[in-house]
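The values are calculated or read from the model by the stated rules, or taken from the named source; none is laboratory data. Not measured: the values here are computed from a predicted model. Cβ atoms come from the backbone with ideal geometry, glycine included; neighbour counts cover every protein chain shown.
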Amino acid sequence: MTFANPVLLAVGLAVAAALACAAIAATRRRARALASAGVAAAGGRRARLAGVWFTIAGIAVLAVATAGPTVTVPVSHARGTVIIAVDVSGSMAATDVAPSRLSAAKKAAQSFVNAQPPSVDIGVVAFEQGGLEAAVPTADHAAALAAIGRLSAGGGTSLGSAILAALSAITHRTVSLGPNGSVPSVGFWPSATMVLFSDGQDGGASGASGGSTSTSTSTSTSSGTDTAAAVAAKAGVHVDTVGVGTVAGTTVDVEGYHLFTGLDEATLKTISQTTGGTYHPASNASELDGIASSINLRLTVTNQPLPLAGAFIAFALALLVAGAVLTVARTGRVV
């Protein structure tokens, strides 16, 4: 326990101690006087003295209250940083989830933001090719909602770049892979979470290629995503992935090309498993609406001061009232 005004505590306790000494001295004088007169101590006098002691105790407790006592207690909070990464590639314009994958993802992302407590800072990353940070983490959830609302489909997809962009937003410094794809050390951020909304199409420069990307390019892209996920895992950042779309897929027009696009669950599951997150399948808008309640943020425990002055004042008043009642009941006087 700590005190905001220890001087007041010392003065108050000194006054209570002085009153106690005076009460003891008065009791002894009265006992000697009664003894010399041959009168035994009466129960009423003992009750009167009990009232005095209750009153002195109340003064002592009140002295503690005026000193501003506080204790430190651990408090759990859903606290930390959440980065919402939304895929805005051309494939997200597909309509196998009505009205479109991107529209459904935006609605679910905004529902997720609205479900978070004020203690959570939220940032938004819209990833095309290269990953674009749209809004840095902030306690202003309205800014995150507005950033999500401005998103529109177009461009390529690079899941690895999106993860690195999210880590950059979390750590407030540029995070990139080292030479030969080595994993950088970005510190440990266990209270940060990334929620990634995507159809899992990880082509890096998809679109007009129409699936003609070579095996070596596809392998390189997958390797970059795996490495980025390893960076997040090393930093203690969980990545919860939300699969937007259907495995059956559909066709979409991208820059004049009719391309087939389906949900790649395997890629999204690999990312979430690598980072200790969870994959959430969502093949229709109603399932996406439930994402906000199904993703659990980790709780952090912080030590916070708990003022005790009110409790001590209540206890002091109870003692003072008890002392007054006992004194009045036995003597007809307050003191």
- Task: Report yes if some residue within region 47-56 is modelled with pLDDT of 70 or more, small (Gly, Ala, Ser) and either surrounded by 14 or more Cβ atoms within 10 Å (Cβ to Cβ) or in contact with a strand residue (DSSP E or B) (Cβ under 8 Å, 6 or more places away or on another chain) (or both); otherwise report no.
- Result: yes
- Item | Extreme residue, surrounded by the most Cβ atoms within 10 Å (Cβ to Cβ), among residues of region 171-200 that are more than 25 Å from Thr278 (Cβ to Cβ) and of a type in the set (S, T, N, Q) | Ser176
- If we ask which residues in region 96-124 are among the β-branched types (Val, Ile, Thr) and at pLDDT 90 or above, their number turns out to be 3
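Can you tell me which of Gly154, Gly149 is surrounded by fewer than 16 Cβ atoms within 10 Å (Cβ to Cβ) and under 15 Å from Val124 (Cα atoms)?
Working: Gly154 fails: under 15 Å from Val124 (Cα atoms).
Exactly one residue qualifies, and that residue is Gly149.
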- Note on the structure: Leu159 vs (1) modelled with pLDDT under 90; (2) more than 19 Å from His280 (Cα to Cα): all pass except (2)
- Taking region 312-335, which residues are in a helix (DSSP H, G or I) and modelled with pLDDT under 80? Leu326, Thr327, Val328, Ala329, Arg330, Thr331
- What do you reckon, is Thr27 of a type in the set (Ser, Thr, Tyr), surrounded by fewer than 18 Cβ atoms within 10 Å (Cβ to Cβ) and at pLDDT 90 or above? no
- Given (1) modelled with pLDDT of 70 or more; (2) closer than 17 Å to Asp87 by Cβ, number of the condition Ala205 does not satisfy: (1)
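Would you say Ala232 is farther than 29 Å from Ser100 by Cα, among the small types (Gly, Ala, Ser), at pLDDT 70 or above and in contact with a helix residue (DSSP H, G or I) (Cβ under 8 Å, 6 or more places away or on another chain)? Walk me through it before giving the result.
Details: farther than 29 Å from Ser100 by Cα: yes; among the small types (Gly, Ala, Ser): yes; at pLDDT 70 or above: yes; in contact with a helix residue (DSSP H, G or I) (Cβ under 8 Å, 6 or more places away or on another chain): yes.
Yes.
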- With the checklist (1) at pLDDT 70 or above; (2) more than 17 Å from Leu159 (Cβ to Cβ); (3) under 34 Å from the mean Cα position of the chain (by Cα); (4) hydroxyl-bearing (Ser, Thr, Tyr) in hand, flag the one item Ser294 doesn't pass. (1)
- Query: Among the residues of region 227-261, how many are touching a residue at least 60 places away in the same chain (Cβ under 8 Å) and in a loop (DSSP other than H, G, I, E, B)?
  - Reply: 7
- Message: Anything in region 268-284 that is touching a residue at least 12 places away in the same chain (Cβ under 8 Å) and farther than 23 Å from Ser152 by Cα? List them, or say none.
- Response: Lys269, Thr270, Ile271, Ser272, Thr274, Thr275, Gly276, Gly277, Thr278, Tyr279
- Message: If the requirement is being modelled with pLDDT of 85 or more, over 30 Å from Thr72 (Cα atoms), in contact with a Ser or Thr (Cβ under 8 Å, 6 or more places away or on another chain) and part of a helix (DSSP H, G or I), which of these qualifies: Ser272, Ser222?
- Response: Ser272
- Qualifying helices (runs of 4 or more DSSP H) (wholly inside region 90-199; at least 2 residues being in contact with a Leu (Cβ under 6 Å, 6 or more places away or on another chain) and among the β-branched types (Val, Ile, Thr)): none
